[in-house]
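Beneath this line is the structure, given in structure tokens, with notes to follow.
The numbers here are math on the coordinates, done by the rules we state, and not lab data. Because the structure is predicted, anything quoted here is derived from the model rather than measured. Here the Cβ positions follow ideal geometry from the backbone for every residue, glycine too, while neighbour counts run over all protein chains shown.
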Amino acid sequence: MAVYVEVRSRWLTEHEGNKRDRNMFFGAVHIRDVDFGWRLLPDYNAYTKETTNAEPYLFMSTNNEGFRALRNEKEIPETGKVMVLGDSFAEGLFLSQQETIPAVISRRLGGYVYNFGVTGYSTDQEYTVFTKWIDKINVEAVALLFCYNDILDIGASNPPRPPKPYYGAREGIVDFSKFYPLSAKRVEEENAIIDSTMDHEGMFCCFTPSPASLPDRVIKTTRRYLANLYHPGMLLSVISSDIARTKFRFSGQYMKVAAPLLENPEAHMEKIDLVFQFFVKMREESDKRGIKFVVFYVPDILQTYSDGKTELQNLRKVFMEKCVKNGITCLDPSDELAEKAKWNDTYFMDDGHFSPFGAELAGAMISNAIAGK
């Protein structure tokens, strides 16, 4: 039992001795942006340390443009290897600088990899980032990470989502010439408040990125069980709590939003078509510049740990079919993530974002596609 618990509960954001402080990321508040809707707080550094007396080290950093830095650079280099677009999966929510997908790609392919992923972005915002930066930097490839909620968030936002810029559309056709940014005055006023209240450095204690080895953790857990051996009620409670940590858990609201879309994509086909119009536009613009354009389908954790519920794969099937129809190079890591999840969690089980192991697999697949392997 101790072995099972320690193997299966390795990747949690909340774990004894391995807690990834959510304020480390959400403390890097999003400032408002006229064209993008929001960006990360520019020039932000989050430090952590393994114990209260240990030396702190950099866990995450943003550059002066309000995007996550590859290391700790503040100026965006003019030349690199890959532009990565997306939302929190691309940004690397709860991942250290070295664990993010762009960092994995950089290690595998060499060269600088731009991380333009920002939590909450949808496909139209990613397109706006693409158009602003594609001629300011030199890259060989663009990799866009697609998540199911990009379908829901395409176009103008509705409460409680924050306001975002959007493109005009009529009868299901995007009008790329009609762009509706946020109010510059309102953005300036909101950012003045943020700038006056936010600290551009944060210290978070204590996070251990490399927890004790599996044998050490198993021994520690076994001792905890043995200590309660003569107290069956307490032992059962401890074991039940530990097992609960190994299962992913989501609110009823999440299930009401995610599962219906994953199971019944036909009900959202109009918005799915809008998403693909942005994909095609980016692929065409990339082709003109001799740049490879790749879309990476991010399976929801429900799909990976679906326990054989095949209906949850319906969106994935529709999505990949439309990739072929529209001539988009799309990568589907679903089977590999599910297979590897049998022996090491590919997601943070209490959150649903990629674990370091999942991000490594995703980065490797994207790198191989770019390299033509």
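For W38, enumerate residues with amide H under 5 Å from its amide H, sequence gap 5+ or separate chain, H modeled in the peptide plane.
Sorted by chain and number, the residues that satisfy this are D33.
Pairs of Cα atoms under 8 Å, at least six residues apart: use those to get the relative contact order of the chain, whole percent.
22 percent
Where in the range 75-121 are there GluC sites (Glu not before Pro) that are in a DSSP coil and have at most 15 other Cβ atoms within 10 angstrom of their Cβ?
Values: sites: E75, E78, E91, E99; in loops: E75, E78, E99.
Answer by residue number: E75, E78.
Quick query: amide H of M60 versus all other amide H atoms, modeled in the peptide plane; which residues come in under 5 Å with a sequence gap of 5 or more or a different chain?
Under 5 Å from the amide H of M60: A46.
Just subtract the alpha-carbon distance of S196 and V3 from 0.36 nm times their residue separation and send over the number in nm, one decimal.
Value of the extension gain: 64.6 nm.
Helix-only estimate, please: 222 nm mean residue ellipticity of the chain, summing -39500 (n - 2.57) across DSSP H runs of length 4 or more and dividing by its residues, to the nearest 500.
-12000 deg cm²/dmol
Using a Förster distance of 51 Å, how high is the FRET efficiency between F179 and E55, based on the Cβ-Cβ distance and rounded to 0.05?
0.60
In nm, to one decimal, how far is the modelled label at N72 from the one at E140, with both set 7 Å along Cα→Cβ?
With each label point 7 Å from Cα toward Cβ, the separation is 2.9 nm.
Can you give the FRET efficiency for V280 and R161, using 1/(1 + (r/R0)^6), R0 = 41 Å, r = Cβ-Cβ distance, to the nearest 0.05? Can you show the working numbers first?
Details: r = 25 Å, r/R0 = 0.62.
FRET efficiency, V280 to R161: 0.95.
Loop-only trypsin sites (Lys or Arg not before Pro) in the range 58-160, please: DSSP not H, G, I, E or B, and at most 15 other Cβ atoms within 10 Å. If you can, show how the numbers build up before the last one.
Values: sites: R68, R71, K74, K81, R107, R108, K132, K136; in loops: R71, K74, K81, K136.
Of the trypsin sites (Lys or Arg not before Pro), the ones in loops of the range 58-160 whose Cβ has at most 15 other Cβ atoms within 10 Å are R71, K74, K136.
Of the listed peptides 188-196, 344-352, what is their order by residue-averaged count of other C-beta atoms within 10 Å, with the highest listed first?
Descending packing order for the listed peptides: 344-352, 188-196.
Which order results if F276, F179, F59 are arranged by neighbouring Cβ count within 10 Å, fewest first?
Fewest-to-most Cβ neighbours within 10 Å comes out as F179, F276, F59.
Rounded to the nearest Å, what's the spacing between the alpha carbon centres of the range 64-104 and the range 305-373? Just the number, please.
20 Å
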